[in-house]
Structure formats: C-alpha cells, structure tokens
1. Residues with amide H under 5 Å of ILE9's amide H, sequence separation 5 or more or different chain, H placed in the peptide plane at 1.01 Å from N; which?
2. Please give the per residue volume of the convex hull enclosing the alpha carbon atoms of the chain, rounded to a whole number of Å³.
3. Given H placed on each backbone N at 1.01 Å, which residues far from ILE77 in sequence or on other chains put an amide H within less than 5 Å of it?
4. Based only on other Cβ atoms within 10 Å, what is the fewest-to-most ordering of SER17, SER91, SER5, SER25?
5. Which of rounded, prolate or oblate describes the stretch 25-90 when judged by the alpha-carbon gyration tensor and an a/c cut-off of 1.5?
6. Residue by residue through the stretch 23-29, which ³J(HN,Hα) values in whole Hz follow from phi under the Karplus form 6.51 cos²θ - 1.76 cosθ + 1.60 (θ = phi - 60°), with glycine and proline marked x?
7. Where does the chain land at 222 nm, in deg cm²/dmol rounded to the nearest 500, when only DSSP H runs of n ≥ 4 count, each adding -39500 (n - 2.57), divided by all residues?
8. Under 5 Å between amide H atoms, partner at least 5 residues away or on a different chain: which partners does VAL98 have, H built in plane at 1.01 Å?
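Nothing in this text is a laboratory measurement; each read-out follows from the coordinates by a stated rule. All values reported here derive from a predicted model rather than from experimental measurement. Heads up, the Cβs are rebuilt from the backbone with ideal geometry, glycines too, and the neighbour counts pull from every protein chain shown.
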Amino acid sequence: MSGDSFTEITELAGQQSLFRELVRSAFTARLGDVAPACDFHRGWNGGWKCRATLPGKPPLEFALLATPEGALLALPIPFPKGWRLRGVLDSTGAAWTVEGDGLPVRVGAPGT
C-alpha cells in the first residue's frame with residue numbers, strides 16, 4: 001500500500017498518544033467529539049496498525065506511517081469513500097487521502 005516514499009512505523013514506543021490523537025481527530029472531523037477505543041497491534045509485515053472502534057460501529061483499521069517529509073500519519077485501510085474528499089490529517093496538519101489505486105496523496109496537492 002505504500003510507495004517507496006512512505007515508511008511503515010515499526011517502532012511505536014513513545015508515539016501511541018500521538019497516533020491515538022490522529023485517529024481521534026479523523027473520527028471527530030466527521031462525527032463530532034468522540035473517543036474511539038484504540039488497539040495497537042503489529043501487522044503481518046511488522047508494521048504497526050491501530051484498530052479503532054466506536055460503540056455501535058464496526059472497527060476501522062489504520063496503518064501507521066511516516067510521510068516522505070517525516071510527518072506521522074494514521075491512514076484508514078480501506079479508506080472510507082466518504083472520507084476521501086477531506087482526507088485525514090498528519091502530525092503537521094497536512095491532509096491526506098488515497099487515489100483510486102489506494103496510494104496516499106496529499107489533499108489539494110498539484111495534479112490531484
């Protein structure tokens with residue numbers, strides 16, 4: 001899912017709070033003030049993931065990544081269609097979405 005420029009997070013120590021906040025902000029932007037439960041776990045390839053759940057909703061999986069610029073990003077997998085226009089914020093406040101092929105792109109970047 002990631003091109004050469006995105007790096008999966010393989011060392012989570014000390015970053016759980018930041019990723020928890022990125023996941024919370026993704027939900028809050030769409031549903032108002034909510035507090036999803038976050039379960040961090042390793043994926044099959046050693047990269048960290050976060051399974052986020054809200055009462056009465058199915059869980060949503062997030063891949064934990066570093067952007068080419070080094071910002072941290074919690075990217076929902078699969079990316080909900082309703083979230084694609086606004087995207088999700090990285091740790092610097094930049095918004096990211098996915099293209100039709102599933103690759104991450106910055107929202108509003110030239111050529112998108």
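1. TRP48, LEU64, LEU65, ALA66
2. Residue-normalised Cα hull volume stands at 110 Å³.
3. GLU61, PHE62, ALA63
4. SER17, SER5, SER25, SER91
5. Working: a/c = 1.82, a/b = 1.20, b/c = 1.51.
Because a/c hits 1.5 or more and a/b fails to exceed b/c, the stretch 25-90 counts as oblate.
6. 5, 4, 5, 5, 6, 4, 4
7. -4500 deg cm²/dmol
8. Under 5 Å from the amide H of VAL98 lie the amide H atoms of VAL105, each far enough along the sequence or on another chain.
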